[in-house]
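A.B. asks: Right, I'll just put the structure down here and ask away after.
The values are calculated or read from the model by the stated rules, or taken from the named source; none is laboratory data. Just so we're clear, the structure is a prediction, and the values are computed from it rather than from any experiment. Here Cβ is always computed from backbone atoms with ideal geometry, including for glycine, and neighbour counts include all displayed protein chains.
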Amino acid sequence: MTHQLRMTEAELVAACKRNDRTAQRELYDRYKKAMFTLAYRTTGDFAVAEDVLQEAFVKIFRNLKSFRAESTVGAWIKTIVVRTAYSKLRKKKLFTESLENQHLEQQVDWGHQKLDAEYLEQAIAALPEGYRMVFTLIEVEGYAHKEVAEMLDISVGTSKSQLFHAKKRLRESLREYGY
């Protein structure tokens, strides 16, 4: 079998729009890992992230004909994943406790670990849904408050407030465990 050249983004999208199954698989393979990571970071749950990824790609392939290339296909896919995660969390009401009760229930015994990526991932995952969603989109994914507000259908002020409280909660978590 000869080695095929990798399709450009525009070629890949065009082939997917023609229902080319090989191109659809290529699109999925290019983005599945990054989008699963994003889904996990926004939901804090592996099983829910898997559901989000599956639902998001169904939406992506269903709506690809409406993709107008005003952004990269990756940015478009990321928006769909974020909206799907947000919607799934709302539907499942995974985080209905008050913020204080949730904070107490989700504390993790960090022991005497060094501050590392795994610790930070756990601390971020323990944040309440809204805080975690906004923190991840702004601090991890690099979105601006205006973009986050549009994605999540919230005000820019709410986005800023959620980020402020997320950072405050993370600082408290770090201090509480000696960091």
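A.B. asks: Would it be correct to say that Y40 is modelled with pLDDT of 95 or more and assigned to a helix (DSSP H, G or I)?
C.D. replies: Values: modelled with pLDDT of 95 or more: no; assigned to a helix (DSSP H, G or I): yes.
No, not satisfied.
A.B. asks: Mind checking which residues of the stretch 35-47 are closer than 18 Å to V134 by Cβ and of a type outside the set (S, T, Y)?
C.D. replies: Within the stretch 35-47, the first condition is being closer than 18 Å to V134 by Cβ, and the residues that meet it are 37-45.
Across the stretch 35-47, the qualifying residues are L38, A39, R41, G44, D45.
A.B. asks: For the stretch 67-179, which helices (runs of 4 or more DSSP H) that fit wholly inside it have 3 or more residues that are at pLDDT 85 or above and among the small types (G, A, S)? Working first, answer last.
C.D. replies: Numbers: elements: 73-92, 99-105, 117-125, 129-135, 145-152, 156-176.
Correct list: 73-92, 156-176.
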